[in-house]
Amino acid sequence: MIKLIKEHNHAVAAPSIVRYVAPEEYAQLEPFAGMEFPSYESAQTFYYAYASRMGFDVRIRLSRRSPKDETFVMRRFVCTREGATPCEENENRRKRNRGVPREGCQAMFEIVKKDQDKWVVSKLFLAHTHELANVPNKVHYIQSNSEVVVLAKSSVLRENSIAPTLNSPLADLGRNFEKQATNDQEIREPRRNAFGLDDTQKLLGYFKRLNAENPTFSYAFQVEKNDCLTHAFWADAKARTSYYYFGDAVTLETSFVENNDLLPLVMFSGVNHHLQREMFGCALLTDFTEASYIWLFQNWIAAMGSHHPTSLTTVYNEAIGSAIAKIFPQTHHLYFTADILKRSKDILADIYFRHVSFEREFYVCINEPETIEMFELSWKKVLDKYDLHDNSWLQSLYRIRQKWVPVYFKGVFTADLSASQRPESLRNIFEKYFNRRTALPVFISLFEHLMAGWSEREAVEDLATSFTRPVLRTPSNMMKQVSEIYTTTVFNILEEEFIGSLGYYISSLDNDGLIAVYSVTKEDTEATCRVRYDTSGNIAKCSCCKFESCGILCRHILRVFLALDVRTIPDVYILKRWTKEAKNGFVLDECLRYSELHRDALRYAREGSTSGEVFTFAQQTLQVAFAEVVQMKQETFSQCTIR
């Protein structure tokens, strides 16, 4: 290279989106006419991945927008060698440098929007007029006018991941990904035992840095004789504070146990007062024995101030179950019902295949019984009909039915308000971000930005809730009362329950003066619940146990309140964890206050040491401030003693 000029005499338009795609996600799937996709992005992702696997580049040839709202209704993708190279009839006319020669290639992939968000392949031509390149071993880029698509054999992120702007650190990762992907330390074979020595040093260095910045950052690790890391646990101040406020219902995500392609990441999580995901601590494990989980639980609960959760929900795993029984004997350990149903579909595949009706009947048997007696009868009926009394898998499930059949734990608090309001599955997040071949430095950076994103979402929702009030759909005094108390998300759920209660009627079953029992039935159905109401304290309990399981009153109790002219919800039914004030009050411990001061002190020291003159002023000011703090502490102590 003789000469290089980097500057432009015009504005350079940066791509607005960086999308990461893993071609092997689609295996050897070939496109076909009539193929359907849930979104335009997923169709584009598929074809880019297909192009990368086959060895050709793609560009967008034609687009059509709706005249109503200007959204895309058709897009046509073609090979970059589509079309013809311009003729050179005029020698004085400068040729356009296209970079890639045009050879009249007719390969095409056209999609059109159908119905709501469904996209269908309307035109397709797979043959090329040129030789295809070998599938690249390094990262491959496809760039159009508005985006950069990164295609790699083992990508860090997958389809529908958060699309960062090019100014973000995630975008920097995208730009540097090719360099990282070709580094032997970055793309490696799946780990079988401990982390490598290099990984161990990087991770421990990361922990030490965070602890130096914030002493409330908690971590623990375990190494082999050769100093290679086997287990690591960490929780920052945000995780510990979040657990203090919202740690009553915890889930443990261990997707890697069943997916060897994922990084061995374990995450404790729950939901906040906006029903957003909250992280309570993370770990990297290299084996899945009972001893490993005991080590994890001991370190986690120590970091959380030894305050045990009310419920802890996990995947079905004997080692996890045994460890929880030893470390959390008073905690309700539950298994994800959906996880067990999914496993059942795999283990009982032959039965599912031979009997089309089995899947629906088994699902109804598990999820719809309102009493234990109803479940027992339904379970026996399914086993009788399909001759499954001797099936070992179903026998093992029946022995632990108290942990995964909803009717057995409907009175246990799980903070599960509504299926439609549940936050994104952590399993989806794991699959998007954390591949086993993800280099540890890349993982650390991605994880930090994921957590920062969660914190930002929470802060935005906190701000919106503080300065806005929901629009009331009814003139109810109750709804007006709680609209001032609950977060917007939780209020909307309660309001749906209130409106739903209007479709029920009640009848008295028993009344001895103080205790009354009512039957609450939905109109035109036989769905009935019993509400027991104590008139002396406005205390009600419903057989559906919605309040006990999620902390929000059910429509059945609300209907009884309406009938009895109870105009405000008693305080006992307003859990602080769902209110706007959920995070107000006493913080976990004084170490968090120490953390805030420590961070400010470090900033003070950096600014105060920039020169001798500034240092002298900073030191004098600090001595005065320190004396005032000591005096205030003594005065506060004296006032508390007098009281």
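So Arg102 clears everything in (1) within 24 Å of Gly34 (Cα to Cα); (2) at pLDDT 50 or above; (3) open to solvent by 20 Å² or more (accessible area, probe 1.4 Å) except one condition, right? Which one?
Among (1) within 24 Å of Gly34 (Cα to Cα); (2) at pLDDT 50 or above; (3) open to solvent by 20 Å² or more (accessible area, probe 1.4 Å), the lone unmet condition for Arg102 is (1).
Give Thr337, Thr289 a once-over and let me know the one that is open to solvent by 10 Å² or more (accessible area, probe 1.4 Å) and closer than 21 Å to Val412 by Cβ. Break it down stepwise before answering.
Details: Thr289 fails: closer than 21 Å to Val412 by Cβ.
Step by step, each of Thr337, Thr289 is checked, and only Thr337 is open to solvent by 10 Å² or more (accessible area, probe 1.4 Å) and closer than 21 Å to Val412 by Cβ.
Looking only at segment 306-333, count how many residues are modelled with pLDDT of 95 or more and either aromatic (Phe, Trp, Tyr) or on the phi > 0 side of the Ramachandran plot (or both).
Looking only at that region, the number is 1.
Which residues, taken from segment 585-643, are of a type in the set (Ser, Thr, Tyr), assigned to a helix (DSSP H, G or I) and either at pLDDT 85 or above or open to solvent by 100 Å² or more (accessible area, probe 1.4 Å) (or both)?
Taking segment 585-643 and keeping what is of a type in the set (Ser, Thr, Tyr), we get 594-595, 604, 609-611, 616, 621, 636, 638, 641.
Keeping just the survivors that are assigned to a helix (DSSP H, G or I) gives 594-595, 604, 616, 621, 636, 638, 641.
The answer is Tyr594, Tyr604, Thr616, Thr621.
When both residues are 6+ apart or on different chains and their Cβ atoms are under 8 Å apart, which pairs have a first residue that lies in segment 243-263 and is over 26 Å from Thr216 (Cα atoms), and a second that is at pLDDT 75 or above and open to solvent by 10 Å² or more (accessible area, probe 1.4 Å)?
What qualifies is Val257/Phe288; Val257/Asn317.
Take Leu284 and decide whether it is over 24 Å from Tyr398 (Cα atoms), in contact (Cβ under 8 Å) with a residue 24 or more places away in the chain and open to solvent by less than 10 Å² (accessible area, probe 1.4 Å).
Yes: the conditions hold for Leu284.
Which ones in segment 250-265 are modelled with pLDDT of 75 or more and either among the charged types (D, E, K, R) or open to solvent by 10 Å² or more (accessible area, probe 1.4 Å) (or both)?
Thr251, Glu253 - these are the residues of segment 250-265 that are modelled with pLDDT of 75 or more and either among the charged types (D, E, K, R) or open to solvent by 10 Å² or more (accessible area, probe 1.4 Å) (or both).
Only one of these conditions is not met by Glu496: (1) in a strand (DSSP E or B); (2) under 37 Å from the mean Cα position of the chain (by Cα). Which number is it?
(1)
When both residues are 6+ apart or on different chains and their Cβ atoms are under 7 Å apart, which pairs have a first residue that lies in segment 346-362 and is part of a loop (DSSP other than H, G, I, E, B), and a second that is surrounded by 10 or more Cβ atoms within 10 Å (Cβ to Cβ) and not charged (D, E, K, R)?
Leu348/Trp393; His355/Tyr386
Pairs please, first residue from segment 461-473 and under 19 Å from Gln276 (Cα atoms), second anywhere and among the aliphatic types (A, V, I, L, M) and surrounded by 10 or more Cβ atoms within 10 Å (Cβ to Cβ), Cβ atoms under 9 Å, 6+ apart in sequence or on different chains.
Pro470/Met479
Restricting attention to segment 546-573, which residues are in a loop (DSSP other than H, G, I, E, B) and open to solvent by less than 30 Å² (accessible area, probe 1.4 Å)?
To start, the set of residues in segment 546-573 that are in a loop (DSSP other than H, G, I, E, B) comprises 551-554, 564-570.
Gly551, Ile552, Leu553, Cys554, Val566, Ile569, Pro570, listed by residue number.
Considering only residues that are of a type in the set (Lys, Arg) and open to solvent by 40 Å² or more (accessible area, probe 1.4 Å), look in segment 189-233 and name the one that is modelled with the lowest pLDDT.
Keep residues of segment 189-233 that are of a type in the set (Lys, Arg), which gives 191-192, 202, 208-209, 225.
In the following step, the residues that additionally are open to solvent by 40 Å² or more (accessible area, probe 1.4 Å) were identified as 192, 202, 208-209, 225.
Details: Arg192: 41, Lys202: 85, Lys208: 89, Arg209: 87, Lys225: 73.
Filtering first and then ranking leaves Arg192.
Please go through segment 536-545 and give me each residue that is out of contact with any Leu (no Cβ under 7 Å at 6 or more places or on another chain) and either part of a loop (DSSP other than H, G, I, E, B) or buried (at least 17 other Cβ atoms within 10 Å of the Cβ) (or both), ordered by number.
Keep residues of segment 536-545 that are out of contact with any Leu (no Cβ under 7 Å at 6 or more places or on another chain), which gives 537-545.
Answer for segment 536-545, where residues must be out of contact with any Leu (no Cβ under 7 Å at 6 or more places or on another chain) and either part of a loop (DSSP other than H, G, I, E, B) or buried (at least 17 other Cβ atoms within 10 Å of the Cβ) (or both): Gly537, Asn538, Ala540, Cys542, Ser543, Cys544, Cys545.
For Glu41, which of the numbered conditions (1) open to solvent by less than 50 Å² (accessible area, probe 1.4 Å); (2) modelled with pLDDT under 80; (3) part of a helix (DSSP H, G or I) fails to hold?
Against the list (1) open to solvent by less than 50 Å² (accessible area, probe 1.4 Å); (2) modelled with pLDDT under 80; (3) part of a helix (DSSP H, G or I), Glu41 comes up short only on (1).
Residues checked against (1) surrounded by 13 or more Cβ atoms within 10 Å (Cβ to Cβ); (2) at pLDDT below 90:
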| site | (1), (2) |
| --- | --- |
| Met478 | yes, no |
| Leu514 | no, yes |
| Ser519 | yes, no |
| Asp534 | no, no |
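Pull up segment 484-493, narrow it to residues that are of a type outside the set (Phe, Trp, Tyr) and within 27 Å of the chain's Cα centre (by Cα), then point me to the one that is nearest to Val560 (Cα to Cα). Give the steps one after another, and end with the answer.
First, the residues of segment 484-493 that are of a type outside the set (Phe, Trp, Tyr): 484-485, 487-490, 492-493.
Imposing the further condition that a residue be within 27 Å of the chain's Cα centre (by Cα) reduces the set to 485, 487-490, 492-493.
Values: Ile485: 22, Thr487: 24, Thr488: 24, Thr489: 24, Val490: 21, Asn492: 20, Ile493: 18 Å.
Step by step, filter segment 484-493, then rank; the result is Ile493.
So which residues in segment 372-403 are β-branched (Val, Ile, Thr), part of a helix (DSSP H, G or I) and open to solvent by 30 Å² or more (accessible area, probe 1.4 Å)? Give the derivation first.
Residues of segment 372-403 β-branched (Val, Ile, Thr): 372, 382, 400.
With the extra rule that they be part of a helix (DSSP H, G or I), the set shrinks to 372, 382.
Result: Ile372, single match.
Identify, from the list Val490, Val482, the residue that is out of contact with any His (no Cβ under 9 Å at 6 or more places or on another chain), on the phi < 0 side of the Ramachandran plot, assigned to a helix (DSSP H, G or I) and among the hydrophobic types (A, V, I, L, M, F, W, C).
Details: Val490 fails: out of contact with any His (no Cβ under 9 Å at 6 or more places or on another chain).
The unique qualifying residue is Val482.
Please determine whether any residue of segment 355-369 is open to solvent by 80 Å² or more (accessible area, probe 1.4 Å), over 20 Å from Glu526 (Cβ atoms) and of a type in the set (Asp, Glu).
yes
The values are calculated or read from the model by the stated rules, or taken from the named source; none is laboratory data. Here the structure is a predicted model, which means the values were calculated and not measured. Neighbour counts run over all protein chains shown; Cβ positions are idealised from the backbone, glycine included. Ligands, DNA and RNA are stripped out before the accessible areas are found, and what is left, the full protein with its side chains, is counted by its heavy atoms. Shrake-Rupley method; radii C 1.70, N 1.55, O 1.52, S 1.80 Å.
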